[in-house]
Amino acid sequence: MLICHLLGDFVLQPRSWTIKRRHHIRYLGYHLAVHATLLLVFFATSLAENWQNIVAILAAHLAIDSLKIGWEHRFKGHRIWVFSIDQLLHLLSIGAVFFFNHPDLWHDWREQWVMDRIWAILIALIIILFVIPIIIRIFFSRWEREKEFSLRESGSLLDAGTIIGVIERLLILVFVLLDFMEGVGFLLAAKSIFRFGDLSSAKDTKFTEYVLIGTLLSFGMGLLVALALQQTLLIF
């Protein structure tokens, strides 16, 4: 259910849908249909036992996304908070269904530790590849109207910053799993050297702060996901 949520909300949801569904409810229907399809595919061999869980998750998803649309209209300047609360509610609804069906959770996890490792790695990769870039974009949306940044972005490669961020977070994940924390420090130092030319020639406090915040945010979230995965694999 968690993988279906990550795929449906971050991988298979075009950005245009998130914009248009604020004014046209059918795009919310499209989004819900994607989630329903994913759940039906993932639980195709056990629909008789899980149809009630699927209905519960879809109903919760519809209610939460409907609330989010209302919050986006009401709290236009707080997109990061709306996004965070929305995702937290989705995770809580999935957790509620899961715990309801698995009261003997700890025993099940220990018996299936191999599959748990695979799911944990897959979830970490989805978060690094798709979730964190969206979180960073939402975080920086507060400065979208800054003229200096829009002019600078027009002179760079399309989505270059996003691609660089994904690569660096994947490297952080590899270094942490290999217990090679020196590599994380080397990566941060190397990126700082590459960025030094831009920052020294810019003589622009705002741009310097923009770059530093983006770098620290990307490294921080990537490191948290990597450490969380490392500890999860140790448990299993």
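The values are calculated or read from the model by the stated rules, or taken from the named source; none is laboratory data. The shown structure was predicted, so the numbers you read here are calculated from the model rather than taken from an experiment. Note: ideal-geometry Cβ built from the backbone for every residue, glycine included; neighbour counts use all protein chains shown. In case anyone asks, the SASA skips ligands and DNA or RNA and just uses the protein heavy atoms, side chains included. Shrake-Rupley method; radii C 1.70, N 1.55, O 1.52, S 1.80 Å.
A56 - would you say it is free of Cβ contacts under 8 Å to residues at least 40 places away in the same chain and farther than 22 Å from F236 by Cβ? Answer is no for this residue. Listed by position, the helices (runs of 4 or more DSSP H) contained in region 1-108 that have at least 2 residues being over 23 Å from I135 (Cβ atoms), open to solvent by less than 40 Å² (accessible area, probe 1.4 Å) and not aliphatic (A, V, I, L, M) are 47-74. Which of the residues that make up region 164-208 are modelled with pLDDT under 75, assigned to a helix (DSSP H, G or I) and among the charged types (D, E, K, R)? Hits for region 164-208 are R195, D198, K206. In region 74-91, the residue that is farthest from R142 (Cα to Cα) out of those that are hydrophobic (A, V, I, L, M, F, W, C) and touching a helix residue (DSSP H, G or I) at 6+ places or on another chain (Cβ under 9 Å) is L91.
Take R79 and tell me if it is touching a residue at least 24 places away in the same chain (Cβ under 8 Å) and charged (D, E, K, R). Here the answer is yes, as R79 does meet what is asked.
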